[in-house]
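Undergrad: Mind looking over this structure? Questions follow.
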Amino acid sequence: MAYTTFAAIDVGSYEIGMKIFELSKNRGMREIDSIRHRLELGREAYTTGKISMEKVENLCQLLMSYKTIMEGYQVDDYRACATSAVREAKNSLILLDYIEKRTGVHIEVLSNSEQRFLDYKSIASRENEFNKIIQKGTAIIDVGGGSVQFSLFDKDSLVTTQNIRIGNLRIREKLAGVEKNAAHVENLIEELVNNDLVSFKKMYLKEREITNL
C-alpha cells in the first residue's frame, strides 16, 4: 500500500511537540508517533519581549533530536509552525534564521488568524457532526500559554472570535510575586480571569445561548 509519512512540529509557548502521521488513500490519516518536550519560550517572550539564546539553543537541541526521529521514520515531508511566543518576540527574525542554519529546520510563524483557521479545520476534520453542531450556539475555546481564544458559531456561521491574553503562562507571571504568600491562589486566578471576561460576556454572550462547548 502506497503511503506518505508526514511530521508536524508545533513550537508553542509552553512545549515543543511533534506528531508523525501516515497518509494513504485507503486508510486516510493515521498517527504513528507523538513526542512532547516542555520548553517555556513564552515565559521570556511575554515578560521581556525576547527569547534568550539559552532557550534558543535548547530549542535547537530538541529540533535536532526531532530530525533524527524523522529520519528513522523516513519522513517524506514536514511542517514546523510557531505561535504566540515566537510571534511576539522582538528578536524572532534573527532567532528563526539562526535556528534554520543551525538545525536545517524551517519554522513558519503563524499569525493568530492562520492559527485559528487550522484549529477549526482540525476540529472539523475529526468530527463528522461538526457542520450540524455549529447550527446551534457553539463555543470553541482554545486555552494556550499566552492567550485564550473564544470563537462563537451559530446558524452554520462564525459569529465572532476574540483573543484574550490570559493564557496560563501570562497568569503565572502576573501572580509570581504573590503565590507564596496567598492562601487561596485559585481565588486570585479566578478574579484575574473574570476581570478580562466581563466585557466579552457583555458584548457577545448576553442574549446568546451556548449549546455546545
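Derivation of every value follows stated rules applied to the coordinates shown; laboratory data play no part. Note that the structure is a prediction, hence the values are computed from the model and not measured. For neighbour counting, all protein chains shown are included, and Cβ atoms are generated from backbone atoms with ideal geometry for every residue, glycine included.
Undergrad: Return the sequence-ordered ³J(HN,Hα) values of region 149-160 in whole Hz as given by the Karplus equation 6.51 cos²θ - 1.76 cosθ + 1.60 applied to θ = phi - 60°, using x for Gly and Pro.
TA: 9, 10, 10, 10, 10, 7, 6, 6, 9, 7, 7, 7
Undergrad: If you stretched the chain out fully between Thr47 and Asn194, how much longer would it get, using 0.36 nm times the residue separation minus the C-alpha to C-alpha distance? Walk me through the numbers before you get to the answer.
TA: Values: separation 147, 0.36 × 147 = 52.92 nm, distance 2.17 nm.
That works out to 50.7 nm of additional length.
Undergrad: For region 1-54, just the Cα set please: Rg and Dmax, both in angstrom.
TA: 16.0, 51
Undergrad: Cα-based Rg (one decimal) and Dmax (whole number) for the chain, in Å?
TA: Computed over the Cα atoms of the chain, radius of gyration and Dmax are 19.5, 61 Å.
Undergrad: Something else now. What are the ³J(HN,Hα) values, in whole Hz, obtained from phi via the Karplus relation 6.51 cos²θ - 1.76 cosθ + 1.60 with θ = phi - 60°, for each residue of region 197-213 in sequence order, with x given for Gly and Pro?
TA: Rounded to whole hertz, the list is 8, 4, 5, 4, 4, 5, 7, 10, 10, 4, 10, 10, 9, 9, 8, 10, 10.
Undergrad: OK, next. Based on Cα coordinates alone, diagonalise the gyration tensor for region 96-210, multiply each eigenvalue by 5, take square roots, and list the semi-axes in whole Å, largest first. Kindly include the intermediate steps, with their values, before the conclusion.
TA: Working: eigenvalues 158, 144, 24 Å².
Taking √(5λ) for each Cα gyration eigenvalue gives 28, 27, 11 Å.
Undergrad: Efficiency by 1/(1 + (r/R0)^6): what FRET value for Asn187 and Ile69, r their Cβ-Cβ distance, R0 = 25 Å, to the nearest 0.05?
TA: Details: r = 43 Å, r/R0 = 1.72.
Calculated value: 0.05.
Undergrad: Also: Please tell me which of these pairs span more than 21 angstrom C-alpha to C-alpha: Lys19/Lys132; Lys136/Lys201; Lys132/Lys201; Lys90/Lys201; Lys19/Lys50? Could the numbers behind the result be given before it?
TA: Numbers: Lys19/Lys132 29 Å; Lys136/Lys201 18 Å; Lys132/Lys201 25 Å; Lys90/Lys201 32 Å; Lys19/Lys50 27 Å.
Table pairs above 21 Å Cα-Cα are Lys19/Lys132; Lys132/Lys201; Lys90/Lys201; Lys19/Lys50.
Undergrad: Amide H neighbours of Ala89 under 5 Å, counting only residues 5+ apart in sequence or on other chains, H built in-plane at 1.01 Å?
TA: none
Undergrad: Build a GNM of the chain with springs between Cα atoms under 10 Å: which of Met18, Met203, Met70 gets the top mean-square fluctuation?
TA: Among Met18, Met203, Met70, the largest GNM mean-square fluctuation belongs to Met203.
Undergrad: Let me see the pair-distance distribution of region 51-100: every alpha carbon pair, 10 Å bin width, integer percents in order.
TA: Taking all Cα pairs of region 51-100, the binned fractions are 22, 50, 24, 4 percent.
Undergrad: Place the peptides 57-67, 20-30 in order of packing, highest mean first, counting for every residue the other Cβ atoms within 10 Å and averaging per peptide. Walk me through the intermediate numbers first.
TA: On the way: 57-67: 17.9, 20-30: 13.1.
Descending packing order for the listed peptides: 57-67, 20-30.
Undergrad: Along the principal axes of its C-alpha atoms, what lengths does region 19-105 span, in descending order and rounded to whole Å?
TA: 49, 22, 20
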